[in-house]
Amino acid sequence: MSDVSPDTQPAPTLRRCDLHLHTRYSSWSHARVLRARDSYSQPADVFDRAKAAGMDYVAITDHDSIEGALRLLDDRPDRAAEIIVGEEVETVLPDTGQRLHVNVFGLDEAAHREVQRLHGDVHELLAWLRRRRLLFVLNHPFWSYRFQKRPRAYVEEILGLFDHIEAANSTMPAGHAEAAEAMLRYALALGFRKTAVGGSDAHVLDHVASSYTLAPGETTSEWLASVARGECRYVASSIGFPRLLSHIYRAIGRYYAGLLASEARASMRAPNYLAAALFLPGATVLGVPAILACLNEMKQRSVLALTRRSLERGATAPAPLEVLD
């Protein structure tokens, strides 16, 4: 008989997982005529990088696609127990048209098809996900917020829809984590306890696992269930704007280099080549991507600061957060 009392049982081992990773199967939603990708990382390389960085499980969450995760399962069938099939779904708040990105985990091909059928309305999408008991997370909650509603009204709407919020995202501007934490404190002031998670949102291999989530679970399903119950915490790290900008230009370089490959040429037609030719001087000589990235960074920082201050004024009795490592 063990002489260890229940109160002194060792704490369960916390397993690590970067909940937000992209591969070459994430398409770029802007300027589709270019036929560019949002990432040029091979799924197996993302997996190896995550494991080398100490991740116990690896979640692939490509934009509106599970192809990267499925390819990884094909490439590494012996590591299937460490792989989580996820997807970053773009959906919409129907009353304002604001786009939201929602990570969904534990998908198969049938579930993916249904998610894509419902993605046009966040209410329909989330109702179906809840019926299927699939874990879903609102990614970078202020990414597309441009005061379509007053800050507190927007946050209260989000808190009514989502139990899990991505508080740590390595690619977001300075102030993102603070605004997300203010959002969670505001929820506590309203009597709701929400769960914060972390993921790198890595589109290049360099910062895979720079932010991640810790939870107990000896299998991926047990681990996801722990996160679903809120038994988790996160570790956050930001890559900063200079590195983000370098990643943008590296992706542009990979795009043009990829046009030399037969696989890329097979999907290109005359309008696509023309768009690529017209985009090249803007990207290299005029610095259009850098200008747009700088403007977006400034806009995001302003939104985050104003939203955080509004929430802090509204949280009359904030409770302490216990989500940071």
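The values are calculated or read from the model by the stated rules, or taken from the named source; none is laboratory data. Please read all numbers here as calculations on a predicted model, not as lab measurements. Ideal geometry is used to build each Cβ from the backbone, glycine not excepted, and the neighbour counts take in all protein chains shown. Side chains included, ligands, DNA and RNA excluded: accessible areas come from the protein's heavy atoms. Shrake-Rupley method; radii C 1.70, N 1.55, O 1.52, S 1.80 Å.
Tabulated data for the structure shown
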{"item": "Residue satisfying all of: in segment 147-173; of a type in the set (D, E, K, R) and in contact with a strand residue (DSSP E or B) (Cβ under 8 Å, 6 or more places away or on another chain); surrounded by the most Cβ atoms within 10 Å (Cβ to Cβ) among these", "result": "166"}
{"item": "Count - residues of segment 250-267 that are among the aliphatic types (A, V, I, L, M), farther than 19 Å from residue 205 by Cβ and part of a helix (DSSP H, G or I)", "result": "2"}
{"item": "Yes/no for residue 106 being surrounded by fewer than 13 Cβ atoms within 10 Å (Cβ to Cβ) and farther than 20 Å from residue 180 by Cβ", "result": "no"}
{"item": "Top-ranked residue of segment 268-286 - restricted to ones that are free of Cβ contacts under 8 Å to residues at least 12 places away in the same chain, among the aliphatic types (A, V, I, L, M) and not in a loop (DSSP other than H, G, I, E, B), ranked as farthest from residue 249 (Cα to Cα)", "result": "270"}
{"item": "Matching residues, segment 238-247, being outside any helix (DSSP H, G or I) and surrounded by 15 or more Cβ atoms within 10 Å (Cβ to Cβ)", "result": "238, 239"}
{"item": "Conditions (1) surrounded by 15 or more Cβ atoms within 10 Å (Cβ to Cβ); (2) out of contact with any Cys (no Cβ under 7 Å at 6 or more places or on another chain): number failed by residue 99", "result": "(1)"}
{"item": "Out of 233, 250, 265, sole residue that is in contact (Cβ under 8 Å) with a residue 60 or more places away in the chain, open to solvent by 30 Å² or more (accessible area, probe 1.4 Å) and charged (D, E, K, R)", "result": "233"}
{"item": "Selection count where residues are open to solvent by 90 Å² or more (accessible area, probe 1.4 Å) and modelled with pLDDT under 90, scope segment 253-262", "result": "1"}
{"item": "Segment 151-168 - residue that is acidic (Asp, Glu) and not in a helix (DSSP H, G or I) and, of those, nearest to residue 123 (Cα to Cα)", "result": "163"}
